[in-house]
Amino acid sequence: MCGRYFLDLENDEIQKLIQSCAQKTDSEQVFSLQTGEIFPTDFAPVLTKNGACLMCWGFPRPNQKGVVINARIETASEKPMFQGSLHAGLRCLIPAARYFEWQAVSASVKVKHEIYDPSSPTLYMAGLYRILRENNRPAFVILTRQAAPNLSAIHSRMPVIPTKEQAFLWLNGDPVADLSQIRSLASAPLHAAPKNAATTGQLSFFPQE
């Protein structure tokens, strides 16, 4: 899964996306923009085929208890929560300098790892978005896949991170195309480094699909 990621303001690419968002977003939303470590329900820059915009991370659950922050690439087309976005072509890319994952090392302790691409300062994670009926604002989820072999000991899932060529196809491809074209893709091999320890309940308010 992906429960946290990091936006680096010193990254020129991310700065340009944020500036693009600010030019076409109302002042209230710009004030809500988060940088640094991004948490579920934060507002962050997202790239769509129509350009960059600010979106809230997470689809509200039908019972309004928490949000869903991830969608499994293997089953997204079967889930009512995501079908509308897929068929409407509401695909997006979520920029990040790195994302975080927690490895269970005991019954009560998880070690936080930062996962990044050593060959590039920016990752683009594939996602879906929709306009929320509650406030008429866009929200996104991050697509996940089975973890790459070198990351599977940390967690069984990881974000879908397409290559640059596949990223273009993801944003601009057939809205109802088979998702298998990006199910197993990742960019250059990702590296993981331990950051600190955390307790097991840390992400329980933000369940994944």
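Observations on the structure shown:
- Qualifying positions in the range 101-125 - of a type outside the set (Val, Ile, Thr) and more than 19 Å from residue 164 (Cβ to Cβ): 101, 102, 103, 104, 106, 107, 108, 110, 112, 113, 114
- Hey, residue 78 farther than 27 Å from residue 12 by Cβ and free of Cβ contacts under 8 Å to residues at least 40 places away in the same chain or not: yes
- If you filter the range 128-144 down to residues that are of a type outside the set (Phe, Trp, Tyr) and crowded, with 20+ Cβ neighbours inside 10 Å, you find that the one that is nearest to residue 92 (Cα to Cα) is 128.
- Taking the criterion of being farther than 14 Å from residue 144 by Cβ and of a type in the set (S, T, N, Q), the residues of the range 55-76 that qualify are 63, 64.
- Residue that is modelled with the lowest pLDDT [pool: residues in the range 70-98 that are buried (at least 18 other Cβ atoms within 10 Å of the Cβ) and within 15 Å of residue 131 (Cα to Cα)]: 86
- Criterion violated by residue 53 - all others in (1) within 22 Å of residue 166 (Cα to Cα); (2) among the hydrophobic types (A, V, I, L, M, F, W, C); (3) surrounded by fewer than 18 Cβ atoms within 10 Å (Cβ to Cβ) satisfied: (3)
- Qualifying residue in the range 97-107 (condition: on the phi > 0 side of the Ramachandran plot and more than 17 Å from the chain's Cα centre (by Cα)): no
- Consider the range 4-50 and keep the residues that are modelled with pLDDT of 90 or more, within 22 Å of residue 102 (Cα to Cα) and not aliphatic (A, V, I, L, M). The one that is surrounded by the most Cβ atoms within 10 Å (Cβ to Cβ) is 5.
- Only one of 111, 105 that is farther than 29 Å from residue 10 by Cβ and of a type in the set (A, V, I, L, M): 105
- When the range 126-141 is filtered for residues that are in a loop (DSSP other than H, G, I, E, B) and either free of Cβ contacts under 8 Å to residues at least 12 places away in the same chain or under 23 Å from residue 74 (Cα atoms) (or both), the ones remaining, listed by number, are 133, 135, 136.
The values are calculated or read from the model by the stated rules, or taken from the named source; none is laboratory data. Being a predicted model, the structure only gives us computed values, none of them experimental. Quick reminder, even Gly has a Cβ in these numbers, built from the backbone with ideal geometry, and neighbours come from all protein chains shown.
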